[in-house]
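No value in this document is a laboratory result; all are computed from the given coordinates. This is a predicted model, so every value here is computed, not measured. Note: ideal-geometry Cβ built from the backbone for every residue, glycine included; neighbour counts use all protein chains shown.
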Amino acid sequence: MSGLRITDVRAYPTSFPVDPKDSVTLGIGRAVKRDAVIVKVSTADGVTGWGEAHHGRCPGAVAHLVNTTMKQLVVGQDANDITGVWKKVYDKQLASHGMGAGACLALSGIDMALWDIRGKALKLPLYKLLGGRSKPIPAYAGGVSLGYQDSKSLAEEARPHVQAGYKAIKMVRKTFGDELVILTDANTGYTVANARAAMPALDELDVGWLEEPFPAHDYMSYREAARYGRLPLAAGENHYTRFEFNRVIEDGAITILQPDLSKTGGITEALRIAALASSWKLPIHPHTSMTGLNMAATIHFLAAIENGGYFEADISKNNLFRDKLVSTPYKTDKDGNVLPLEGHGIGLELDEDFLQAHPVIEGPAYV
């Protein structure tokens with residue numbers, strides 16, 4: 001694979017508006033558009049890899065960082081040396097004065113694309129490259145969906161997903177009984193007082209977890225809330241690199257870890273986080289980002305770690321990044337499980353014309 005010298009790195013910020021009838025309201029507001037940043041890495045022998053960098057609610061800025069500073073750091077490197085590329089970007093950009101989370105988002109997309117290249121060059125699906133095997137991964141019905149609404153309409157929206165086989169979902173208990181695992185997500189919208197009021201009732205309903213009641217950096221509130229009941233606290237989608245997860249794990253308040261492959265430093269860093277968590281006997285339930293690239297890569301990742309939990313399936317309505325940008329990223333079987341794709345690398349075909357037809361829409365995604 002001597003021809004895998006990186007010759008180009010390009011990021012494409014892309015958006016589409018959300019039809020008001022498909023919009024949901026979460027703790028952070030009402031969704032009005034969907035954003036993504038797609039990263040393409042090219043090599044001297046023509047092998048191309050694709051990755052997703054989370055948009056960071058400013059997709060144009062994240063793409064610009066990839067297309068300028070990150071590109072100059074990465075072009076000319078060996079695409080096989082994924083750890084070396086990661087270390088160079090960490091040393092030169094992320095570790096000191098390097099835009100922090102923005103650099104980590106950008107690095108995540110590049111790292112994912114490099115793993116895609118390596119799988120294609122070796123003619124192996126990503127899960128095999130990572131040391132895993134094809135096995136059923138339990139999925140829960142998540143994504144930007146099932147927002148704030150009255151309980152009856154929420155139950156009706158959830159019903160077809162339960163009928164499709166999902167055994168876990170973010171919603172209410174009463175309609176579907178005790179066999180369905182209920183997961184809750186506050187989208188950083190709680191105060192400590194809110195958690196104190198809500199957690200005893202969630203315990204009584206035997207809820208599986210309370211996700212992100214507070215912002216990621218509010219460690220004191222997480223420690224305080226962990227005292228209010230048995231309910232596990234979940235977080236991680238807004239924690240970056242193994243160094244932040246080390247703090248989370250040692251604090252002991254958050255016991256459901258949810259790294260996002262498009263945020264936390266890519267597949268390379270997510271593997272390190274999973275290994276760190278395994279030494280504390282903690283499960284990994286990754287957060288899913290915006291596009292089919294992240295979704296398919298996450299399933300490969302779960303198939304390759306020993307402490308993998310749920311795959312967060314995206315059940316949002318009319319997600320073009322799942323349905324049109326790429327070929328089918330996953331299928332859910334009758335028991336609510338998914339399998340990793342068998343194609344080389346991540347295993348997806350990407351429509352570059354889609355990127356041209358859907359340029360970035362500036363402005364907030366939630367209002």
**Fill in**
Note, residue 71: beta-carbon cut-off 15 Å, +1 each Lys/Arg, -1 each Asp/Glu, net +3
**Prompt:** For residue 303, what charge total do you get from the other residues with a beta carbon under 10 Å from its beta carbon, if Lys and Arg give +1 and Asp and Glu give -1?
**Reply:** +3
**Estimated FRET transfer efficiency (residue 352, residue 83; beta-carbon r; R0 25 Å; 0.05)** = 0.30
**Prompt:** What length, rounded to one decimal in nm, is gained on full extension from residue 25 through to residue 156, with 0.36 nm per residue of separation minus their alpha-carbon distance?
**Reply:** 45.5 nm
**Prompt:** Using Cα atoms only, what is the angle between the long axis of helix 151-163 and the major principal axis of the chain, expressed in degrees (0 to 90) to the nearest 10?
**Reply:** 50
**Fill in**
Ranked by GNM mean-square fluctuation in the chain (Cα springs under 10 Å), the top entry among 344, 55, 285 is 344
**Message:** Output the 0 to 90 degree angle, nearest 10, between the alpha-carbon long axis of helix 192-204 and the longest principal axis computed from the alpha carbons of the chain.
**Reply:** 70
**Asked** Where nothing but the Cβ of Lys and Arg (+1) and of Asp and Glu (-1) is charged, how large is the charge dipole of the range 6-123 around its Cα centre, in debye to the nearest 20?
**Response** 200
**Fill in**
If one compares the long axis through the Cα atoms of helix 292-302 with the longest principal axis of the Cα atoms of the chain, the angle in degrees, nearest 10, works out at 80
**Asked** Which whole number in µm²/s is D for the range 6-123 by Stokes-Einstein, with the Kirkwood Rh taken over Cα pairs at 20 °C and 1.002 mPa s?
**Response** 144
**Prompt:** Among the listed pairs 120/324; 88/167; 123/331; 135/263; 71/167, which are separated by more than 32 Å between their Cα atoms?
**Reply:** 88/167; 71/167
**Message:** Run lengths n ≥ 4 of DSSP H only: what is the helix-derived mean residue ellipticity at 222 nm for the chain, with -39500 (n - 2.57) per run over all residues, to the nearest 500?
**Reply:** -9500 deg cm²/dmol
**Prompt:** How many angstrom separate the Cα center of the range 305-367 from the Cα center of the range 171-248?
**Reply:** 26
**Request:** Provide the gained length on full extension for the span residue 218 to residue 191, in nm with one decimal, where the gain is 0.36 nm per separating residue minus the Cα-Cα distance.
**Result:** 8.7 nm
**Asked** Build a GNM of the chain with springs between Cα atoms under 10 Å: which of 160, 136, 213 gets the top mean-square fluctuation?
**Response** 160
**Message:** Nothing charged except the Cβ atoms of Lys and Arg (+1) and of Asp and Glu (-1): what's the magnitude of the dipole of the chain about its Cα centre? Round to the nearest 20 debye.
**Reply:** 320
**Asked** Among all stretches of the chain without exposed trypsin sites (Lys or Arg not before Pro) (DSSP loop, at most 12 other Cβ atoms within 10 Å), which one is longest?
**Response** 1-122
**Prompt:** Which residue, 168, 95, 139, tops the fluctuation ranking in a GNM of the chain built on C-alpha contacts under 10 Å?
**Reply:** 95
**Request:** Would you please give the residues with an amide H less than 5 Å from that of residue 330, counting only those at least 5 places away or on a separate chain, with H modeled from the backbone geometry?
**Result:** none
**Prompt:** residue 275 versus residue 323, label points 7 Å from Cα toward the beta carbon: distance in nm?
**Reply:** 4.1
